[in-house]
1. Have a look at H70, H61, H127 and point out the one that is of a type outside the set (F, W, Y), open to solvent by 40 Å² or more (accessible area, probe 1.4 Å) and closer than 19 Å to R11 by Cα.
2. Just wondering, is there one or more residues in the stretch 5-19 that are in contact with a helix residue (DSSP H, G or I) (Cβ under 9 Å, 6 or more places away or on another chain), under 25 Å from R130 (Cβ atoms) and either open to solvent by 20 Å² or more (accessible area, probe 1.4 Å) or at pLDDT 95 or above (or both)?
3. In this structure, is P144 over 28 Å from G17 (Cα atoms), at pLDDT below 95, out of contact with any helix residue (DSSP H, G or I) (no Cβ under 7 Å at 6 or more places or on another chain) and not small (G, A, S)?
4. Quick one: in the stretch 31-49, which of the residues that are in a strand (DSSP E or B) and touching an Asp or Glu at 6+ places or on another chain (Cβ under 8 Å) is most open to solvent (accessible area, probe 1.4 Å)?
5. Can you tell me which condition F133 does not meet? The list is (1) out of contact with any Pro (no Cβ under 9 Å at 6 or more places or on another chain); (2) in contact (Cβ under 8 Å) with a residue 60 or more places away in the chain, and all the others hold.
6. Could you tell me which numbered condition V77 fails, if it satisfies all but one of (1) over 18 Å from T33 (Cα atoms); (2) open to solvent by 30 Å² or more (accessible area, probe 1.4 Å); (3) part of a strand (DSSP E or B)?
7. Quick one: W28 ticks every box in (1) of a type outside the set (S, T, Y); (2) in a helix (DSSP H, G or I); (3) open to solvent by 70 Å² or more (accessible area, probe 1.4 Å) bar one, so which box is it?
Amino acid sequence: MSALPERYGSRAGDSFGQAVLDVEPGEWIDALTAARSAGFAFFDWLTAVDEPPEAFGVVAHVFDPVAFAHLLLRTRVPRADPRLPTATGVFRGANWHERETYEMFGVVFDGHPDLRPLLLPDGFEGHPLRKDFVLAARVAKAWPGAKEPGESGQGSPSRRRTLPPGVPPDWTPS
């Protein structure tokens, strides 16, 4: 971590034994470039974390193969307009990860060379890894196993029916 420029020193830390650097969205590319220049030449992965109601956290893991050091770079983008500049100019390996993060969370990577769906079928609507995404399959098909006492066919009957996990209380199947 000491090889990173001084301007990042106050935001560098440790989380569960992992070196972490928290940056503002406007510093995302500069921080990735500084990390690469400091020896973190291997891009491992990039993803998002849904942090409702305000933001998405975007996390990238890079590795220094000479020093055998790991570094997590983190930033937060607002939920209302989740945008970051693409990291593909710094690490070509970020291409696939940014496409997946765009598709699953809706984080837009400005300047990405080919930001199109990667994993989901054509015409799929929504971003399935967002916490507010309705898991309709859990309503359409019974959830396996007992959720409440009595639902297994043994014991006393259930006092109330609950919706499956991930289904908002006001949602009804159409």
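The values are calculated or read from the model by the stated rules, or taken from the named source; none is laboratory data. What you see is a predicted model; the values in this text were computed from it and never measured. In this analysis, Cβ positions are derived from the backbone assuming ideal geometry, glycine residues included, and neighbour counts consider all displayed protein chains. Just the protein is used for accessible areas: all its heavy atoms, side chains included, with ligands, DNA and RNA removed. Shrake-Rupley method; radii C 1.70, N 1.55, O 1.52, S 1.80 Å.
1. On the way: H61 fails: open to solvent by 40 Å² or more (accessible area, probe 1.4 Å); H127 fails: closer than 19 Å to R11 by Cα.
Of H70, H61, H127, the one residue that is of a type outside the set (F, W, Y), open to solvent by 40 Å² or more (accessible area, probe 1.4 Å) and closer than 19 Å to R11 by Cα is H70.
2. Within the stretch 5-19 (the criterion being in contact with a helix residue (DSSP H, G or I) (Cβ under 9 Å, 6 or more places away or on another chain), under 25 Å from R130 (Cβ atoms) and either open to solvent by 20 Å² or more (accessible area, probe 1.4 Å) or at pLDDT 95 or above (or both)), the answer is no, since none of the residues qualifies.
3. Numbers: over 28 Å from G17 (Cα atoms): yes; at pLDDT below 95: yes; out of contact with any helix residue (DSSP H, G or I) (no Cβ under 7 Å at 6 or more places or on another chain): yes; not small (G, A, S): yes.
So P144 passes the test.
4. Filtering the stretch 31-49 down to residues in a strand (DSSP E or B) leaves 42-49.
Narrowing the set further to residues that are touching an Asp or Glu at 6+ places or on another chain (Cβ under 8 Å) leaves 42, 46-47.
Details: F42: 104, L46: 4, T47: 48 Å².
Among those that are in a strand (DSSP E or B) and touching an Asp or Glu at 6+ places or on another chain (Cβ under 8 Å), it is F42.
5. All conditions are met except number (2).
6. All conditions pass for V77, except number (2).
7. Every listed condition holds for W28 apart from (3).
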